[in-house]
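Enquirer: Below are the structure tokens for one structure; questions will follow.
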Amino acid sequence: MRAAVYYGNSNVKIEDVVEPEPGPGQVKVKVHRNGICGTDLHEYYDGPIFISAGDPHPLTGRAMPVVLGHEFSGVITDLGRDVPGLTVGDRVTIEPVYRCGECRPCRSGHYNLCTSIGFHGLMADGGMAEYTVVPVNQVHRLPDAVSLDLGALTEPMAVAYHAATLGEVGDQDSALIYGAGPIGIGLWFALRGLGLTRIDVVEPSPTRRTAIERLGASTLDPTVADVPALIADRTNGNGVDAAFDAAGVAPAVESALACVGERRPLISVAIYDRPLPTPLLNLVLRERRIQGTLCYTSEDYRAVLDLMSKGHYDTKGWVDTVPLSDVIDGGFTELRAGRRMKLLVDPAL
């Protein structure tokens, strides 16, 4: 079968590899679509970061080269032994987290913080291929109303949903989102799913502002507006109830910390590939806090799939498809240049 195999920095090859077969407790999935994640871009242009170039991962036994891809949907084509509750032909999406089940985070239900965490497509051969094999505990059956294309977005939307819940906001609260890329869009959908109506998205790119405005979002352009001053005026100096950084740049963090109210959080969702100066005095004087967020759990997956089944998510204007054969030039290059927002890889092309 064909697959996108990662060999190191700026070295991904589309090549024929052995088609995998499921072992005990595993299922084989014919991949329908696999999303290109920001993590994939970081690995390609700046890595290896999470992918091991040396010792094999303790949970998967794998190091590079590996097949990329951790955001995907597909159809089950084969089952290993000891796989209850699933059948060949089931339409599924994958929650690509490997966890040990024994460390304190795992025992407390927060396996997204497992001390040995691994990811399908980074520490095991992933979904940027015609077929892949996954453990049964990573499989979520898609509701009938959710298409396979939409199902491939469950993983990034679950990242955003998990972050939104950490903001501890309700339907009477207000929020700011910094960055209108895929995760920023996912945050907007998630917060609306939690009942919020007072949400502004701060984004300097006209293209991204236009895309999220078409979905119904209210936006602020930080290149022309003094966002903290505007928020202070709107809220009588109280600030918003939560801010979310999906931009990952110092001006966004500084602006967000100036906008959140007393004892309220800034949720850091972005991947920070270098240290950022942070005005901690803004935390001290108002008892604000910065909250990290990582991945999701099955509870977040179920919540996203439930919203998807109700027609909550709209992909028009920000999601496109690229063939596997053109994943570098038509995929990675286009995303890095900002000419595309979210791309799903079709492994059949």
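Enquirer: For the stretch 255-311, how many residues are modelled with pLDDT under 90, among the hydroxyl-bearing types (Ser, Thr, Tyr) and under 23 Å from the mean Cα position of the chain (by Cα)?
Expert: Qualifying residue count, the stretch 255-311: 1.
Enquirer: If a residue has to be more than 23 Å from Gly61 (Cβ to Cβ), in a loop (DSSP other than H, G, I, E, B) and open to solvent by less than 50 Å² (accessible area, probe 1.4 Å) to count, how many in the stretch 71-124 make the cut?
Expert: Qualifying residue count, the stretch 71-124: 4.
Enquirer: Filter the stretch 289-311 down to residues that are touching a helix residue (DSSP H, G or I) at 6+ places or on another chain (Cβ under 8 Å) and open to solvent by 50 Å² or more (accessible area, probe 1.4 Å) and give me whichever is farthest from Arg2 (Cα to Cα). Before the answer, list the steps.
Expert: Going through the stretch 289-311, the residues touching a helix residue (DSSP H, G or I) at 6+ places or on another chain (Cβ under 8 Å) turn out to be 289-291, 293-297, 300-301, 303-305, 307-308.
Keeping just the survivors that are open to solvent by 50 Å² or more (accessible area, probe 1.4 Å) gives 289-291, 294.
Working: Arg289: 46, Ile290: 43, Gln291: 40, Leu294: 31 Å.
Ranking the candidates gives Arg289 first.
Enquirer: Here's another thing I want to ask about it. Among the residues of the stretch 203-213, is any assigned to a loop (DSSP other than H, G, I, E, B), over 22 Å from Leu166 (Cα atoms) and without any contact (Cβ under 8 Å) to a residue 12 or more places away in the chain?
Expert: no
Enquirer: Just to verify a result, which residue in the stretch 136-169, among those that are closer than 24 Å to Gly184 by Cβ and assigned to a loop (DSSP other than H, G, I, E, B), is most open to solvent (accessible area, probe 1.4 Å)?
Expert: Among those residues, the one meeting the criterion is Glu168.
Enquirer: What are the residues in the stretch 175-193 that are open to solvent by 30 Å² or more (accessible area, probe 1.4 Å) and at positive phi, if any?
Expert: Of everything in the stretch 175-193, nothing turns out to be open to solvent by 30 Å² or more (accessible area, probe 1.4 Å) and at positive phi.
Enquirer: If you go through the stretch 275-296 one residue at a time, do you hit one that is touching a Leu at 6+ places or on another chain (Cβ under 7 Å) and among the aromatic types (Phe, Trp, Tyr)?
Expert: No: zero hits.
Enquirer: When you go through Ala252, Ala256, Ala243, Ala270 one by one, which is the residue that is in contact with a strand residue (DSSP E or B) (Cβ under 6 Å, 6 or more places away or on another chain), assigned to a loop (DSSP other than H, G, I, E, B), aliphatic (A, V, I, L, M) and surrounded by 20 or more Cβ atoms within 10 Å (Cβ to Cβ)? Show your work before the answer.
Expert: Numbers: Ala252 fails: assigned to a loop (DSSP other than H, G, I, E, B); Ala256 fails: assigned to a loop (DSSP other than H, G, I, E, B); Ala243 fails: assigned to a loop (DSSP other than H, G, I, E, B).
That would be Ala270, the only listed residue that is in contact with a strand residue (DSSP E or B) (Cβ under 6 Å, 6 or more places away or on another chain), assigned to a loop (DSSP other than H, G, I, E, B), aliphatic (A, V, I, L, M) and surrounded by 20 or more Cβ atoms within 10 Å (Cβ to Cβ).
Enquirer: Please specify each residue of the stretch 314-332 satisfying the condition of being open to solvent by 50 Å² or more (accessible area, probe 1.4 Å) and more than 17 Å from Ala211 (Cα to Cα).
Expert: Across the stretch 314-332, the qualifying residues are Ser325, Asp326, Asp329.
Enquirer: Checking Gln172 against (1) polar (S, T, N, Q); (2) open to solvent by 20 Å² or more (accessible area, probe 1.4 Å); (3) touching a residue at least 12 places away in the same chain (Cβ under 8 Å), which test does it fail?
Expert: All conditions pass for Gln172, except number (3).
Enquirer: Looking for something in contact with a Pro (Cβ under 6 Å, 6 or more places away or on another chain) and over 30 Å from Gln26 (Cα atoms) - is there at least one such residue anywhere in the stretch 123-139?
Expert: Within the stretch 123-139, none of the residues are in contact with a Pro (Cβ under 6 Å, 6 or more places away or on another chain) and over 30 Å from Gln26 (Cα atoms).
The values are calculated or read from the model by the stated rules, or taken from the named source; none is laboratory data. The model shown is predicted, which means the values in this text are computed figures rather than measured ones. Virtual Cβ from ideal backbone geometry, glycine too; neighbours counted across all protein chains shown. For the accessible areas, the whole protein counts, side chains as well, though only heavy atoms, and no ligand, DNA or RNA atoms are used. Shrake-Rupley method; radii C 1.70, N 1.55, O 1.52, S 1.80 Å.
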